[in-house]
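Written out below as structure tokens is the structure these notes cover.
The values are calculated or read from the model by the stated rules, or taken from the named source; none is laboratory data. Note that the structure is predicted; figures quoted are calculated from it, not measured. With ideal geometry, Cβ positions are generated from the backbone for all residues, glycine too; neighbour counts draw on all protein chains shown.
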Amino acid sequence: MRVAFPNIEQSIVRHQRTRPSRVCFLIDRLSRAGTETQLLALIRSLDRSRVLPHLVLLDGLDDESRALEPDDCPILRLGIRSLLGGSTIPSLRQLGRFWRKHRIELLQTYFLDSTYFGVPFARLCGIKKIVRVRNNLGYWMTDRHRRLGRWMGRFADVTLTNSDDGRQAIIDTEQQSPEKVVVIENGVDVERFPIGRPPETGRTNVQVGAVANLRPVKNIDGLVRVTALLRNKHPQLRFEVAGEGEQRSELERLIGTNDAVRLSGPVTDVPAFLARQDIAVLCSHSEGMSNALLEYMAAGRAIVATDVGANGRLVRDRIDGLIVPPKDDAALAAAIAWLTEHPEAARQMGSSARERVASQYSRVALVKRFEDFFDELLSSRR
């Protein structure tokens, strides 16, 4: 676990505030996707003697978002579906009252709409410190988004990301000062993931699982194509994908009558899902630092991951799993086949991955980094 504080790498926090920091997190809504899962785990784990968390949801009125709300911090739902709608101005007044009531000192925003809505208004309201989070490499960005990103970066005190690649992308695409872009890597609660069985020689089926939103960048269509490459030599392989998204209809057409592939939809119990998999695959075209990959490692699964973002640093090739080039169906198929044919090596890689994530990417270490980060930022020592 590493936080990149440019120019002060060796002085995380030498002085703690005598009272807890009052931090407000602003995000569009809650779901079981990676960013939202990381935020919820952070809120629940923060030491209340150091940080008092508050949560504002730009929308947040749907049943899924309400069901995921933490029960131990103040929450405000604004019900904004579009920033151009008529409810935006009244919602700004409501948000301002919430901030004043709870004496918010630091705002941390996630995703585009929440950032565009919250960052300039927080500056106008005199919030002491403003942090925006961008945990992707900006593969989707248009010129308009880059211009807005540059403006948001100027309003914010810090832009936070979860990988070195993400940091460099922000510096390059948004022309941000390196001193204002900070890395705090993701963490995972390893204890939630009991180690399941490894692949065994001679089993009837070998389960290959993926946890991913059904979006083109996650390349689940590539995984479906891989099943055709493996079908003749490895008919025992069964593929299961946990997640939902706008690409479901397209993927269902691509799967057709292929009964070796199953789209399971949203999965509430990721540890249980991974416990029944022999091999876990992350085949994305682009990633920052993947929450799903950390979960695969915590579950002790044999892993195949594409060489994008932080994947190749998290999973050491042929030590913790297999790293393959992105957008290469043949390489992905060959790696899955190799793990299927070498169950003992797959077991050893899964065990190594779990040890690595437990020692370097635990949830406890992540939370401590955030507590120190908030303390450092609000003490005005940066």
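Filter the stretch 307-333 for residues that are under 27 Å from P194 (Cβ atoms) and β-branched (V, I, T) and give the result.
Those that are under 27 Å from P194 (Cβ atoms) and β-branched (V, I, T): V315, I319, I323.
Would you say I184 is touching a helix residue (DSSP H, G or I) at 6+ places or on another chain (Cβ under 8 Å) and of a type outside the set (G, A, S)?
Yes, satisfied.
Can you name every residue in the stretch 46-89 that is polar (S, T, N, Q) and under 23 Å from V267 (Cβ atoms)?
Passing the criteria: only S65.
Name the single residue, out of those in the stretch 204-232 being more than 27 Å from the chain's Cα centre (by Cα) and in contact (Cβ under 8 Å) with a residue 60 or more places away in the chain, that is surrounded by the most Cβ atoms within 10 Å (Cβ to Cβ).
Top of the filtered list is V206.
Given (1) of a type in the set (G, A, S); (2) under 20 Å from L366 (Cβ atoms); (3) surrounded by fewer than 19 Cβ atoms within 10 Å (Cβ to Cβ); (4) in contact with a strand residue (DSSP E or B) (Cβ under 7 Å, 6 or more places away or on another chain), where does S21 come up short, assuming only one miss?
(3)
If we keep just the residues of the stretch 7-30 that are among the aliphatic types (A, V, I, L, M) and modelled with pLDDT of 60 or more, which is farthest from E371 (Cα to Cα)?
Checking each candidate, the answer is L30.
Within 16 Å of A280 (Cα to Cα), in contact (Cβ under 8 Å) with a residue 24 or more places away in the chain, crowded, with 16+ Cβ neighbours inside 10 Å and of a type in the set (A, V, I, L, M) - does that describe any residue in the stretch 357-372?
Yes, the stretch 357-372 contains at least one residue that is within 16 Å of A280 (Cα to Cα), in contact (Cβ under 8 Å) with a residue 24 or more places away in the chain, crowded, with 16+ Cβ neighbours inside 10 Å and of a type in the set (A, V, I, L, M).
Inspect the stretch 262-271 for any residue being within 23 Å of A334 (Cα to Cα) and either in contact (Cβ under 8 Å) with a residue 24 or more places away in the chain or in a loop (DSSP other than H, G, I, E, B) (or both) and give the result as yes or no.
yes
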